[in-house]
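Notes for the one structure printed next.
The values are calculated or read from the model by the stated rules, or taken from the named source; none is laboratory data. Please read all numbers here as calculations on a predicted model, not as lab measurements. Methodologically, a virtual Cβ is constructed for each residue, glycine included, from the backbone with ideal geometry; neighbour enumeration extends over all protein chains shown. Just so you know, the surface numbers come from the protein's heavy atoms only, side chains and all, with ligands and any DNA or RNA stripped out. Shrake-Rupley method; radii C 1.70, N 1.55, O 1.52, S 1.80 Å.
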Amino acid sequence: IFDSDWYTSRNLIGGADIIVIKYSVNDKASFQELKESYIPMIKKALNHCSVPVIISGIGARKNGVPCTCPLCTSDRRSCVTTSEGVQLAKELGATYLELHTLNDFYVQKYFGGVLEYFMIQSLNQKSSEKMKKKKKLQKGHRLQPPQLEQPEKMPILKGEASHYEADLHNLLCCCQCADVAFCSEDLSTVAEAHKVILCSASHLFMLLFEVKSPSDIRDASLMRTARSLFAVEAGSTHGVLPGAPPVKVVVKDAAFCSCLPEILRFIYSGTLQWERLEEDIKKKLKDIEKTEHVLEKVKCILKTPCKLGTAKDCRSHQMKRMCNNSLRMFFNTPVLADVIFEIQGASVPAHRAVLVARCEVMAAMFNGNYLEASSVLVPVYGVSKDTFLSFLEYLYTDTCCPASILQAMSLLICAEMYQVMRLQHICELYIITQLQNMPSRELASTSISIVSLLKKAKFHNSDCLSTWLLHFIATNYLIFSQKPEFQDLSVEERDFVETHRWPSNLYLKQLADYRNYVHSQKCHCAVM
């Protein structure tokens, strides 16, 4: 095209339905040639015509996964950065895409959707231009095509903020299921805590409660700190029977012992409030040397074995959400477990402290006048093993990753059964997101019964999801009205769908009248 003269190039570009500019992200030289030689001509041609443009960077950068940040300045020498592609797209008013490879998945999911959109827009534009020309040639009034209104806006479902850290803090305050009692040297109890939380925060407590052996730790300084600070009374330090007295731990350091409530609050908060801990200890001790001494001991407790426990560690490495990641190591493991769920012939170990902190139903179950309060084995009914494991994983980690819409619905039912509302909202958002992103063809051929999802959502008090699903069925009326499951809607639900259907009956009637009119005009051809 560009070897021709300017007018030929302009006419060729102007006659195109779409312009696709493709380059390799690993070939900086060809990108520069494209930018310097061809882009100016395309930009000049676009001043005389309106053609949609897609700029597509192909390939995975050799130095690693490409950064998606538009401000990224890394890897500028050998590769074409994302920001350079985005800037080029802005200059042309184009759509920018990055595809790791030109396989079926990336082309169909990313490139195909945008290409289809631009083709439809281009065809609509050409069709509109033809209609305008035809209208000029025709005499008299012509019936206008009906205008299709946009479907009603779907109800917006807002997510619920996490209260993970607040749950653990409340566990410390109420001391339910406490299995550790910290004592001063005169054996008076200073504070109560939970082994699983302490061990998730520190290797020192793992060593203290025999979760790990000295050969596993291999850090002499950590073992010296443990011996100098604490002494565990003789007896078992592993999981104990419900109702058994907590293990007594004597705190040898008087200054550390006086600040223990503040230190435990810091640990239970996920080690996110170091500055607050410093202020609290300063106010309590009112002595700079003792304050530095206690803070140094805290750093030693929280440090990773064989690494320095500096203040920098406390403000960077340790400032991550400790419990969200570290409690995962105790998920579905018998270590320190004090309850075993029996489900579908399998045994699932767990920790009462975590369950009580994160789930009010289980808190009532393990602390009330129920059989489960004094039993290690707890049977679970009405839910599958995989769903219950996903439910427990959320309690331990505050994360939820359903594999499918049906699994998300099963997890939603389990969350409703145990009254964990935030997990229920997460499952609702997952289902809505998956259905929203489902193309019309896939929605028409899917084996998932949307009406069945609606019935389950209503039965399990998921009002937001049930309302959204009703709107979803009404908005996709032409698809769902052809499915057998449509007949399973109740009279009330059917009335709602018919009232809010899209497109409406009025529009379809107007469209039929318009088509009949166009068909009747074909016999009056002005040329023939």
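Arrange the peptides 8-16, 360-368 so that the one whose residues have, on average, the most other Cβ atoms within 10 Å appears first.
Going from most to least packed, we get 360-368, 8-16.
Could you derive backbone 3J(HN,Hα) for the range 119-124 from the dihedral phi with the Karplus parameters 6.51, -1.76 and 1.60 (θ = phi - 60°), listing whole Hz in sequence and x where the residue is Gly or Pro?
Rounded to whole hertz, the list is 5, 5, 4, 5, 5, 4.
Rounded to the nearest 10 Å², what accessible area does Glu160 have for a 1.4 Å probe in the complete protein model?
Using a 1.4 Å probe on the heavy atoms, I get roughly 70 Å².
Report ³J(HN,Hα) in whole Hz for each residue of the range 484-495, in order, from the Karplus equation J = 6.51 cos²θ - 1.76 cosθ + 1.60 where θ = phi - 60°; Gly and Pro get x.
Values per residue, Gly and Pro as x: x, 5, 4, 6, 7, 5, 6, 4, 5, 5, 5, 4 Hz.
According to a simple spin-label model (label point 7 Å from Cα along Cα-to-Cβ), what is the distance in nm between Leu506 and Ser215?
Each label point is offset 7 Å from its Cα along the Cβ direction, giving 8.2 nm.
Could you please report the charge total around Gln344, scoring K, R as +1 and D, E as -1 over all other residues with beta-carbon less than 12 angstrom from its beta-carbon?
After counting each charged neighbour, the total is -1.
Can you tell me the accessible area per residue over the range 431-527, all protein chains present, probe 1.4 angstrom, in square angstrom?
The answer is 60 Å² per residue.
Going toward the positive end of the dipole of the range 174-303, with +1 on Lys and Arg Cβ and -1 on Asp and Glu Cβ, which of Cys174, Ile197, Val247 do you reach last?
The listed residue farthest towards the positive side: Ile197.
Hey, can you rank 245-253, 47-55, 512-520 by average C-beta count inside 10 Å, highest first? Numbers along the way, then the final one.
On the way: 245-253: 16.9, 47-55: 15.3, 512-520: 11.4.
Per-residue Cβ counts within 10 Å, averaged per peptide and sorted highest first, yield 245-253, 47-55, 512-520.
Determine how large the accessible area of Asp104 is when every protein chain is in place; take a 1.4 Å probe and give Å² rounded to the nearest 10.
My reading of the accessible area for Asp104 is about 130 Å².
Using the structure shown, select from Lys456/Lys483; Lys43/Lys132; Lys130/Lys509; Lys132/Lys153; Lys212/Lys303; Lys195/Lys297 the pairs with a Cα to Cα distance greater than 21 angstrom.
Distance filter (> 21 Å) returns Lys43/Lys132; Lys130/Lys509; Lys132/Lys153.
For a quick check of understanding: with a 1.4 angstrom probe and all protein chains in place, what accessible area in square angstrom does Thr499 have, to the nearest ten?
100
Can you list the residues, at least 5 places off or on another chain, whose amide H is less than 5 Å from the amide H of Cys183, using H built in the peptide plane?
Hits under the 5 Å cutoff: Val190, Val249, Val250, Val251.
No solvent, one uniform scatterer per C-alpha: report log10 I(q)/I(0) for the range 327-399 via the Debye equation at q = 0.21 1/Å, two decimals.
Here log10 of I(q) over I(0) equals -0.93.
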